[in-house]
1. If I histogram all Cα-Cα distances within region 91-145 using bins 5 Å wide from 0, what percent of pairs lands in each bin?
2. Using the number of other C-beta atoms within 10 angstrom as an exposure proxy, rank 225, 77 with the fewest first.
3. Could you line up 129, 309 from fewest to most neighbouring Cβ atoms inside 10 Å?
4. Evaluate the distance, in nm, between pseudo-label points positioned 7 Å from the Cα of residue 170 and of residue 350 along their respective Cα→Cβ axes.
5. Which residue fluctuates the most in the chain, going by a Gaussian network model with Cα springs under 10 Å, if the choices are 323, 49, 119?
6. Based on other C-beta atoms within 10 Å, arrange 280, 235 from fewest to most.
7. Could you give the radius of gyration (one decimal) and Dmax (whole number) of the Cα atoms in region 193-344, in Å?
8. When the chain is modelled as a GNM with alpha-carbon springs shorter than 10 Å, which of 170, 20, 272 fluctuates the most?
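Just so it is clear, none of the values below were taken in a lab; they were calculated from the coordinates. Keep in mind that what you see is a predicted model, and the values were worked out from it rather than measured. With ideal geometry, Cβ positions are generated from the backbone for all residues, glycine too; neighbour counts draw on all protein chains shown.
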């Protein structure tokens, strides 16, 4: 097969990159390959192939894998996309899926694959720089970290460490003090870093303190209202595919009692703020349950309502009606996802008892 073109999302500092490649065979059949590359844990986390796809099929697949990552797509050469793939491949291939097998050689058997800086975000401002730095540090992603920081690494995090929140403040001396709320082996801690900046570049990163936190203290730090709107109708799950196609760029996850569509912001502008909470990457969650409910969830009611407005024609057509709106002053949505019911009203009644 011959490589025609490849594109990748400019999201490497977020730890994930979406890739779209086009290959053709001798009969001029066109093959679309869409990859999800995770540079924190899973490596090649998705590998999808379509032969001679229609324009609509191509757009839908690319959007489903790449649309939620929040970055523009940049053109890559065959050697560049092979280098990017092989960097992720070193972390794992288990999630690539069986359909990837016949096509892996197109990325693995490339002479002189090269690293590329094209997939790295253009950083605007010191807050964004520090947030990206802490994300790459906690993830143990040295290649990503070295793209934006060349000094000594003060602390190595064990695998599966989760970064939950960053807070940045400027010191009277002109340095920056950043607090990273992390989850390590089921224990929470605040790690405080003193960061020296020279002419817009981070030149020194020093671990200044570590404080273990109770669940109550963590709740106070990340406490934020969640807004829920519950819709009901007949065969709600039957509307899922059309909602997904309309919103584009959402991530699909199956659960015991339904299917979750996570709809992300189309950009990462929120990284320019001094406080960054990982969950703020999400614009809204839409959970289609096996109890014929659609549960729409968000931290920002106005943004959540914008998503509902977009899907309103589908809800109207399928007679899916709003039955309840609930505001809860602490996050409970993931408790509901992992509960033993797909009826949110039943769940919340028990939760508030």
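1. Pair shares across the bins are 4, 13, 15, 18, 16, 15, 11, 7, 2.
2. On the way: 225 13, 77 16.
Lowest to highest Cβ neighbour count: 225, 77.
3. Numbers: 129 22, 309 9.
Ordered from fewest to most neighbouring Cβ atoms within 10 Å, 129, 309 come out as 309, 129.
4. Those two pseudo-labels are separated by 5.1 nm.
5. The residue that fluctuates most here is 323.
6. Numbers: 280 17, 235 10.
Fewest-to-most Cβ neighbours within 10 Å comes out as 235, 280.
7. Looking at region 193-344, its Cα Rg and Dmax stand at 18.8, 61 Å.
8. Per the Cα network of the chain with a 10 Å cutoff, 170 tops the list.
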